[in-house]
Amino acid sequence: MTSSCLLRRTLAALAVTASFCAVSTSAAQSYPERPITIVVGYPAGGSVDLTARLLSEELATQLGQSIVVENAGGAGGTIGAQRVARANPDGYTLLVGSTNEMVIAGMINSAVRYDSAKDFTPIGMIASQPMLLAASKTSGVTSAQEYLDKLKSGEPGQYNFGSSGIGTTLHLAGEMINESTGTKAEHVPYRGVAPLVTDLISGQLNYGVLVLSSGLPQVKGDKIVALGVTEKKRSAVAPDIPSLSETPGFEQVDINVWFGLYGPAKLPEPVVTRLNEALTAVLKSDAFRTKMSESGATLYEPGIDGARFLASETEKYGRLVKLANIEPN
């Protein structure tokens, strides 16, 4: 091949590349031009799904495009997360992700095929929700102090707590409570929150850890007893329930369930900027704040560094997974 022919081919290739980049940049700058899908890795009705649906209504207004929430439940949220990790990075497939699939799942499930730090673009944090340490009405315990006194006076293994499954945020919150108080309530894993609540109400289970939005209706209905929320501060939606950390012995308990908005890795910068601007406007909306507060959630302030936040949460939960002696399956 002559040098002139090689030069022509090189120039042609460069021209095609430049044309492609120009088209990609133009598409990113005019984003969004069609409906957006927000994937939720859980069935409809849960806290992640509710967050996604409330967010989608407000984001659609900010972006001027319709947004469809699609539930891709299964494997603790990882099926939905995997789908977004593999999606075309154009901003039309996003994920409302939570603590479990974004942090914990990769530590305890060897089948997870994505790395949250590498395979997603963090767009912004949305909200958090505390968990609730609750007791059955038949336990005779009505406060965090009484819970602690009972566990400290009992035999090792005499008391237990229920959660929605091994390695879930609820399970690890219970382990954090054990660590802070120097007690050892044994973990009883359930297949979801519904059967856990049923056993708490019936007295088959004395103690359980629930997401606040799951436990609050039962507390208000006088069916179970709220001992305390797991965040340092009280929840605005249930200010009468104390924070566990207010009771001596529980000072180190500070853990929650959080929700963030993510896209696939390598999202174009103009798309990230547009989505971040829209999310910031939503977080400042009084209407969205009110709706999320009614669900038991507290909004994050705009501007949180998503990558740094994820790294910090990974460190925290890595320690709790080791504390619970959970081996990857």
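Here are the numbers for this structure:
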quantity	calculated
Longest site-free stretch - the chain; sites: GluC sites (Glu not before Pro), DSSP loop, at most 15 other Cβ within 10 Å	34-250
When the chain is reduced to its Cα atoms, the Kirkwood hydrodynamic radius in Å	21.3
Accessible carbon and sulfur surface of the range 138-222 relative to its total accessible area, %, 1.4 Å	48
Cα shape, the range 102-143, gyration tensor, a/c 1.5 rule	oblate
Sequence-distant residues sharing a close amide H with V39 (under 5 Å, placed H)	E70, L94, L95, V96
FRET efficiency, 1/(1 + (r/R0)^6) with R0 51 Å, evaluated for T138 and R308 via beta carbons	0.70
With Cα atoms, 0 to 90° folded angle of helix 306-323 axis to the chain main axis	40
FRET efficiency for Q65 and K223, using Cβ-Cβ distance with R0 set to 41 Å, rounded to 0.05	0.45
Charge context of P122, other residues only, Cβ under 12 angstrom, K/R +1, D/E -1	-1
Segment D240-A287, length gained on full extension (0.36 nm per residue, minus Cα span)	14.6 nm
Helix 47-63 axis, angle to the chain major axis (alpha carbon atoms, nearest 10°)	40
Length gained when the stretch E186-S202 is fully extended (0.36 nm per residue, less Cα-Cα span)	3.8 nm
DSSP bridge orientation in the chain - percent antiparallel, rounded to nearest 5	65
Residues of the chain: accessible area per residue with a 1.4 Å probe, Å²	46
For the range 49-181, size of Cβ-based charge dipole, Lys and Arg +1, Asp and Glu -1, in debye	160
Cβ charges +1 (Lys, Arg) and -1 (Asp, Glu), total dipole of the range 125-221, debye	220
Pairwise label distance in nanometres, R53 with E269, each label 7 Å out on the Cα-Cβ vector	3.9
Helix-only mean residue ellipticity at 222 nm for the chain, each DSSP H run of n ≥ 4 adding -39500 (n - 2.57), per residue, nearest 500	-13500 deg cm²/dmol
Folded to 0 to 90 degrees: helix 3-29 orientation relative to the chain principal axis, Cα	40
Lys, Arg +1 and Asp, Glu -1 on Cβ, resulting dipole of the chain about Cα centre, debye, nearest 20	760
Average Cα contact separation per residue, the chain, under 8 Å, 6 or more apart, as relative contact order %	25
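The values are calculated or read from the model by the stated rules, or taken from the named source; none is laboratory data. Fair warning: this is a prediction, and the values are worked out from it, not measured in the lab. Here the Cβ is made from the backbone with ideal geometry for all residues, glycine too, and neighbour counts use every protein chain on show. Ligands, DNA and RNA are stripped out before the accessible areas are found, and what is left, the full protein with its side chains, is counted by its heavy atoms. Shrake-Rupley method; radii C 1.70, N 1.55, O 1.52, S 1.80 Å.
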